[in-house]
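Here's the structure we're looking at; comments come further down.
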Amino acid sequence: MLQRRPSGNKLYESAAKTQEGFQTAGNSTQVTLNEIAVREFHDALSRDDEMAFAVAAIMALTAVIKRSTAATLMGMSKELEDAAQALQRVNPTNISLKAGCELFLRYTTRTSALELKDIETAKARLIERGLHFAETSTRARQTIAELGSRFIRSNCTVLTHGYSRVVLRLLQQAFSSGMQFSVIVTEGRPDGTGITMAKKLDAENIPVTLVLDSCVAYIMDRVDMVLVGADAVVENGGIINKLGTYGIALAAQAASKPFYVAAESYKFARLYPLGQADLPEERKPLDVGPMLPPRANVINPSRDYTPPQCISLLVTDLGVLTPAAVSDELIQLYV
């Protein structure tokens, strides 16, 4: 599942702080390129509500290549690395944003263009490669939808958690092909993203039922399969996703129900959490009402880690993978 976008004001406030930091560094050329990257990133998100953070970052970094005046490829690579860091500072806890930046840098620099002596020819080759990567990433959801819709069976009941764009696309694909099924959606506290998912499914005339997050174990006997998205797919084949995903996976495992993950390859991250304490910390506002004792503590992480042994299969734009196969795909992506 992709993280919810901050409001436009917060995005630009963050960008302004980032740019102020660059100005103190005294590198006027890189200040301009970093500003371009951050602006292009915001513009891409504002143009399309369905735009993934990682894809917006890829488009922004391609814009940096276009605007670069570096005289050497080494200089251009340094500009790209600095711009990628600027983008990550806009939303430091967004794992897919960081993974997208790292993959783009690896993809664009792993090319024969770097062997060219003519900087303009090499630059054109890098732009072409960057645009191709952005296009491939944009098509990822549709590829996953086409692969994953085959898992949906007639008259089955699918349980999903919160709101995931790629899961929604997959379910739309299955329904449009004539498959009849129903969906159970968790409410997705604290931000209520399950309500968003329920509204979008209902708009597609897909039968949907909303349940409390705490109702998952109770409802599991009525479910044929679980299908969730992911903030990130980590090195061992586990996933980081919206809080509650791990609990759902455990309930599915106890009930012998398949647990499927739909995730784009640009969310493959070089992370290896051993447990929940290893996750990058991110919290979302939580209203517990006025009755909470003033000295009581509240724990409200926004996501959790689901280990690979709880996952049946991952449906990705690289194909349908077992958790064990993820490490091999990461090697292909990064090496």
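The values are calculated or read from the model by the stated rules, or taken from the named source; none is laboratory data. Predicted model, so just to flag it, every value in this text is computed and none were measured. Glycine gets a Cβ as well: all are built from the backbone with ideal geometry, and neighbour counts include every protein chain shown. Heads up: the accessible areas ignore ligands, DNA and RNA and are worked out on the full protein's heavy atoms, side chains in. Shrake-Rupley method; radii C 1.70, N 1.55, O 1.52, S 1.80 Å.
Restricting attention to segment 170-201, the residues that are closer than 25 Å to Gly247 by Cβ and either buried (at least 19 other Cβ atoms within 10 Å of the Cβ) or not aliphatic (A, V, I, L, M) (or both) total 22. Scanning segment 160-194 for residues that are assigned to a strand (DSSP E or B) and more than 19 Å from Pro301 (Cα to Cα) turns up Thr160, Ser182, Val183, Ile184, Val185. Does Val228 satisfy the criteria of being closer than 25 Å to Ser265 by Cβ, open to solvent by less than 20 Å² (accessible area, probe 1.4 Å) and touching a His at 6+ places or on another chain (Cβ under 9 Å)? Here the answer is yes, as Val228 does meet what is asked. Restricting attention to segment 299-322 and to residues that are free of Cβ contacts under 8 Å to residues at least 60 places away in the same chain and among the polar types (S, T, N, Q), the residue that is most open to solvent (accessible area, probe 1.4 Å) turns out to be Gln309. State whether one or more residues within segment 162-174 are outside the structural domain of Val64 (by the TED database), β-branched (Val, Ile, Thr) and either touching a residue at least 60 places away in the same chain (Cβ under 8 Å) or touching a strand residue (DSSP E or B) at 6+ places or on another chain (Cβ under 6 Å) (or both). Checked segment 162-174: at least one residue is outside the structural domain of Val64 (by the TED database), β-branched (Val, Ile, Thr) and either touching a residue at least 60 places away in the same chain (Cβ under 8 Å) or touching a strand residue (DSSP E or B) at 6+ places or on another chain (Cβ under 6 Å) (or both). Does segment 265-278 contain any residue that is crowded, with 18+ Cβ neighbours inside 10 Å, among the aliphatic types (A, V, I, L, M) and within 19 Å of Gly148 (Cα to Cα)? Within segment 265-278 (the criterion being crowded, with 18+ Cβ neighbours inside 10 Å, among the aliphatic types (A, V, I, L, M) and within 19 Å of Gly148 (Cα to Cα)), the answer is no, since none of the residues qualifies.
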